[in-house]
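The values are calculated or read from the model by the stated rules, or taken from the named source; none is laboratory data. Since the structure is predicted, the reported quantities are computational estimates derived from the model, not experimental observations. For neighbour counting, all protein chains shown are included, and Cβ atoms are generated from backbone atoms with ideal geometry for every residue, glycine included.
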Amino acid sequence: MKKFAHAAFAAALVFSGALVTAHAADQPIPSAGQAAPTFSLPSQEGTPISLDSLHGKWVVLYFYPKDMTTGCTIEAHGFQRDLPKFDAAGAVILGVSVDTVDSHKQFCAKDSLTFHLLADPDHKVVESYGSLGSWNGNAMAQRNTFLIDPQGKIAKVWTKVDPSHHSEEVLTALDELKK
């Protein structure tokens, strides 16, 4: 009976198209106070952006599942809308997914996004931040955000964020941490 219930549950998940995510067991999600894992990834322009090059600035590093999907577009539009506030606070916004540079370029053009989207098709950075998940057997980033302070330490972590108001949450935390 137990096997049947487990199989029925698994079938229901497949049938419903539910998002099933899990971070890599050997890569826990970094926590506040830890040094942020360093990286260098190409942006939508193809130019590499490294965390080290942003030393001295606050960095909003947000991971998202897929370019041009509903939730990811809502989240990106929130960050784009609030970009002047992040600029005024001395913060840089970086979005990361496992999509390609070309996909990011199309997403930015279609949705008038002016901040950097970084391509991680090899999943190395997504995994180093404990944010690798999957959907229907395809690897993708989980919706997690890391606020990194000007010294390169993680100041705050959000997991499984709600894209509809996440930008405001990050701005509030940034204001509180800067006091």
#### Entry: Looking only at region 40-61, and only at residues there that are touching a helix residue (DSSP H, G or I) at 6+ places or on another chain (Cβ under 7 Å) and under 16 Å from Ile154 (Cα atoms), the one that is surrounded by the fewest Cβ atoms within 10 Å (Cβ to Cβ)
Trp58
### Query
Residue check, Ser31 against (1) over 19 Å from the mean Cα position of the chain (by Cα); (2) at pLDDT 95 or above, all met but one. Which one?
(1)
### Selection within region 115-138 - in a loop (DSSP other than H, G, I, E, B) and either in contact with a helix residue (DSSP H, G or I) (Cβ under 7 Å, 6 or more places away or on another chain) or among the hydrophobic types (A, V, I, L, M, F, W, C) (or both)
Phe115, Asp120
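Looking at this structure, is Ala119 surrounded by fewer than 23 Cβ atoms within 10 Å (Cβ to Cβ) and without any contact (Cβ under 8 Å) to a residue 12 or more places away in the chain? Quick ask: steps written out before the conclusion?
On the way: surrounded by fewer than 23 Cβ atoms within 10 Å (Cβ to Cβ): yes; without any contact (Cβ under 8 Å) to a residue 12 or more places away in the chain: no.
No, not satisfied.
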### Message
Just to be sure I understand, how many residues within region 161-179 are touching a residue at least 40 places away in the same chain (Cβ under 8 Å), exposed (fewer than 14 other Cβ atoms within 10 Å of the Cβ) and outside any helix (DSSP H, G or I)?
### Response
2
### Query
Taking Phe15 and the conditions (1) in a loop (DSSP other than H, G, I, E, B); (2) at pLDDT below 95, which numbered condition does it fall short on, given that it satisfies the others?
(1)
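Pick from Pro28, Pro65: which is in contact (Cβ under 8 Å) with a residue 60 or more places away in the chain, assigned to a loop (DSSP other than H, G, I, E, B) and surrounded by 13 or more Cβ atoms within 10 Å (Cβ to Cβ)?
Pro65
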### Query
Based on what the data block shows, is Asn136 at pLDDT below 95 and not charged (D, E, K, R)?
yes
### Message
Exactly one of these conditions fails for Leu147: (1) in a helix (DSSP H, G or I); (2) buried (at least 20 other Cβ atoms within 10 Å of the Cβ). Give me its number.
### Response
(1)
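Scan region 93-114 for residues that are outside any helix (DSSP H, G or I), touching a residue at least 24 places away in the same chain (Cβ under 8 Å) and surrounded by fewer than 18 Cβ atoms within 10 Å (Cβ to Cβ) and jot them down.
First, pick out the residues of region 93-114 that are outside any helix (DSSP H, G or I): 93-100, 112-114.
If we keep only those that are touching a residue at least 24 places away in the same chain (Cβ under 8 Å) too, we end up with 93-99, 112-114.
Across region 93-114, the qualifying residues are Ser112, Thr114.
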### Task
Might you let me know whether region 127-143 holds any residue that is within 16 Å of Lys57 (Cβ to Cβ) and either within 12 Å of the chain's Cα centre (by Cα) or without any contact (Cβ under 8 Å) to a residue 24 or more places away in the chain (or both)?
no
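Within region 125-137, can one find any residue that is farther than 15 Å from Phe39 by Cβ and of a type outside the set (Gly, Ala, Ser)? Lay out the reasoning, then the answer.
Just the residues of region 125-137 that are farther than 15 Å from Phe39 by Cβ, to begin with: 133-137.
Subset that is of a type outside the set (Gly, Ala, Ser): 135-136.
Checking region 125-137: at least one residue is farther than 15 Å from Phe39 by Cβ and of a type outside the set (Gly, Ala, Ser).
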